[in-house]
Each structure stands twice: as C-alpha cells, then as structure tokens.
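This report concerns only the one structure given below.
The values are calculated or read from the model by the stated rules, or taken from the named source; none is laboratory data. Everything numeric here is computed off the predicted structure, so don't read it as measured data. Glycine gets a Cβ as well: all are built from the backbone with ideal geometry, and neighbour counts include every protein chain shown. Protein only, heavy atoms only, side chains kept; ligands, DNA and RNA dropped before computing areas. Shrake-Rupley method; radii C 1.70, N 1.55, O 1.52, S 1.80 Å.
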Amino acid sequence: QVQLVESGGGLEQPGGSLRLSCAASRIIFSIYRMGWYRQAPGKQRELVAVISSGGNTNYADSVKGRFTISRDNAKNTVYLQMNSLKPEDTAVYYCNAYFAVRDYHYWGQGTQVTVSS
C-alpha cells in the first residue's frame, strides 16, 4: 500500500520559516507529480505547489516568492520550504502524489501548520 508521510509542521510566528517533508513509499516516486495542498478550517482544499517528474514547478499566487517546492528522487521525498509565513498560511498541509497516465492519486495524512504570534 502506498504511503505518504508528512512531517515538519508546527507553530511558527509570522515572518518565520518552516520546512515540510513528505516521504513516499511503495511507489515509483520519480514518475509521479508531487504536490502540496492545504485546507484551512471552513475552506476547501487548495493547491499550494506542485513539482513534475521532470522538476517543473507551479505555485499558487498566494505563496509565490515565499514557498519553494523541491524533490529528492533518491530519497523518495518532496519538500516545501515556507518562508515569510503569514497567519493566512495556517492550515493542514497535505502531500499528494499523482500519476496522470493511470489517474492515480495518493494523499498523506496531513500536517498542521499554525502561524500566530
């Protein structure tokens, strides 16, 4: 069974930084598009950033210039470096693996990020 395990969430002050990690197992990691999504209380889940198997990236407008997604195929891990955090970044962050050819979607269990002074 595919597993995506997120880590790195927590409480941070506005302007601070956090780094999320998502370790994948039981998938051919390198062929999957990997992404981070988030869901704030009372809101729909939204895309934060994605990185293709080839390393191309795409970001939500709200995080451009502050967040950076990266992947390490040797470690089957995707990262989200979050800088200049704002209170509106508070949400549960979910890791996603997507293989378009077979329309396979896998999700992690989520990690809470809270930005507050």
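Condition check: under 19 Å from Gly15 (Cβ atoms), of a type outside the set (Ser, Thr, Tyr) and touching a Gly at 6+ places or on another chain (Cβ under 8 Å). Does Val48 satisfy that?
Numbers: under 19 Å from Gly15 (Cβ atoms): yes; of a type outside the set (Ser, Thr, Tyr): yes; touching a Gly at 6+ places or on another chain (Cβ under 8 Å): yes.
Yes, satisfied.
The listed residues are Gly110, Gly55, and the only one of them that is at positive phi and out of contact with any Phe, Trp or Tyr (no Cβ under 8 Å at 6 or more places or on another chain) turns out to be Gly55.
A search for C-beta distances below 6 Å between a residue of the range 99-117 that is under 30 Å from Ser84 (Cβ atoms) and any residue that is small (Gly, Ala, Ser), counting only pairs 6+ apart in sequence or on different chains, returns Tyr106/Ala97; Thr111/Gly9; Gln112/Gly9; Val113/Gly9.
If you go through the range 81-116 and keep only what is of a type in the set (Phe, Trp, Tyr) and open to solvent by 70 Å² or more (accessible area, probe 1.4 Å), you end up with Tyr104, Trp107. Residues in the range 101-117 that are over 12 Å from Gly10 (Cα atoms) and under 13 Å from the mean Cα position of the chain (by Cα): Tyr106, Trp107, Gly108, Gln109. Among residues of the range 15-26 that are modelled with pLDDT under 95 and of a type outside the set (A, V, I, L, M), those with a Cβ under 8 angstrom from a residue that is in a strand (DSSP E or B) and open to solvent by 30 Å² or more (accessible area, probe 1.4 Å), sequence gap 6+ or separate chain, pair up as Ser25/Gln3; Ser25/Val5; Arg26/Gln3. The criterion of at least 2 residues that are surrounded by 14 or more Cβ atoms within 10 Å (Cβ to Cβ) and small (Gly, Ala, Ser) is met by the following strands (runs of 3 or more DSSP E) wholly inside the range 1-79: 18-25.
Going through (1) farther than 26 Å from Phe99 by Cβ; (2) in contact with a helix residue (DSSP H, G or I) (Cβ under 8 Å, 6 or more places away or on another chain) one by one, Asn73 falls short only on (1). Can you name the residue in the range 80-91 that is in contact (Cβ under 8 Å) with a residue 60 or more places away in the chain and assigned to a strand (DSSP E or B) and, of all such residues, is farthest from Pro14 (Cα to Cα)? Per the stated criteria, the residue is Leu80. When the test is whether a residue is among the hydroxyl-bearing types (Ser, Thr, Tyr), modelled with pLDDT of 95 or more and farther than 14 Å from Leu4 by Cβ, Ser30 does not pass it. Checked against (1) within 23 Å of Ile27 (Cα to Cα); (2) touching a Ser or Thr at 6+ places or on another chain (Cβ under 8 Å); (3) of a type outside the set (Val, Ile, Thr), Gly55 passes all but condition (2).
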